[in-house]
Amino acid sequence: MENSSSPNNNPAKIIVLRWGHRVQRDMRLTTHVALTARALGASGFILADVADNHIEETVTKITTVWGGSFNFEMAVPWKSAVRKWKNNSGIIVHLTAYGENIQTSDVMNRIKAQDKDVMLLMGSQKVPGEFYSEEVSDFNVAVGNQPHSECSALAIFLDRYFGGQELDKPFEKAKISIIPKERGKEIKTNIEFRKPV
Ligand SMILES: C[S@@+](CC[C@H](N)C(=O)[O-])C[C@H]1O[C@@H](n2cnc3c(N)ncnc32)[C@H](O)[C@@H]1O
């Protein structure tokens, strides 16, 4: 793992570990969690303990076409992913409605002050109790103390962590990109991507 401690003020990198995915039933939501992670500045996604080839295909295809580097792994046991991350000096942040409130506490400042790469743990169904423990999670963070969705919790956490900068992030080697417009749709296509006529 790269250590992006910040002589050049680069924020540390974030990866997302999704636990509890139920194949077929959760396909759409887990895909959305992975695409949210990619679009909002995370560097990678781990689908823990289970494989789902449809999700891998979709995420890989989006990254190939829309650019950037985004690492996708699946079927990695969550315990070994966490152990490896900690051994490489990364910290673990568990997103849970029961955690310290991101708005009313200073938890985000304390996370940033660590200046370490972050693995975000998120559930789908009820997560193992160990997720809340000191041995696993350095921080338990709530995006408000009401239960809602992993997608919204992830999006708000990333936006606050990166302070909005992620919304302007370049995606290298994109084959297509959107030209923002007041109305209508405009797309720029990389010349090499166009099929020969
Ligand atoms: C639908 S919730 C799961 C709720 C589940 N019934 C439970 O008891 O854990 C799925 C995931 O979304 C995330 N989540 C939901 N609400 C959240 C909140 N207010 N703050 C942070 N994360 C939240 C958590 O990662 C949670 O594991």
So Val107, is it within 16 Å of the ligand (Cβ to nearest atom), among the aliphatic types (A, V, I, L, M) and without any contact (Cβ under 8 Å) to a residue 60 or more places away in the chain: yes
Which one of these does Arg160 not meet: (1) under 28 Å from Arg28 (Cβ atoms); (2) touching a Lys or Arg at 6+ places or on another chain (Cβ under 7 Å); (3) at pLDDT 95 or above? (2)
Failed item in (1) outside any helix (DSSP H, G or I); (2) more than 13 Å from the ligand (Cβ to nearest atom); (3) within 21 Å of the chain's Cα centre (by Cα); (4) charged (D, E, K, R), with Lys188 passing the rest: (3)
Can you find even one residue in the range 79-99 that is surrounded by fewer than 16 Cβ atoms within 10 Å (Cβ to Cβ), within 11 Å of the ligand (Cβ to nearest atom) and outside any helix (DSSP H, G or I)? yes
Taking the range 120-165, which residues are among the acidic types (Asp, Glu) and in contact with a helix residue (DSSP H, G or I) (Cβ under 6 Å, 6 or more places away or on another chain)? Glu150
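To keep it simple, each residue is scored yes or no on (1) closer than 13 Å to Gly123 by Cβ; (2) within 16 Å of the ligand (Cβ to nearest atom).
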{"position": "Lys13", "(1), (2)": "no, no"}
{"position": "Asp26", "(1), (2)": "yes, yes"}
{"position": "Thr36", "(1), (2)": "no, yes"}
{"position": "Asn53", "(1), (2)": "no, no"}
Please go through (1) at positive phi; (2) of a type outside the set (Lys, Arg); (3) in contact with a strand residue (DSSP E or B) (Cβ under 6 Å, 6 or more places away or on another chain) for Ser89 and return the number of the only condition it doesn't satisfy. (3)
Among the residues in the range 28-40, are any among the basic types (Lys, Arg), under 13 Å from the mean Cα position of the chain (by Cα) and assigned to a strand (DSSP E or B)? no
Examine the range 77-88 for a residue that is polar (S, T, N, Q) and closer than 21 Å to Ala153 by Cβ, and state whether such a residue exists. no
Subset tally (residues that are surrounded by 12 or more Cβ atoms within 10 Å (Cβ to Cβ), part of a loop (DSSP other than H, G, I, E, B) and near the ligand (Cβ under 7 Å from one of its atoms)) for the range 119-172: 7
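The values are calculated or read from the model by the stated rules, or taken from the named source; none is laboratory data. From a predicted model like this one, the values you see are computed outputs, not experimental measurements. Neighbour counts run over all protein chains shown; Cβ positions are idealised from the backbone, glycine included.
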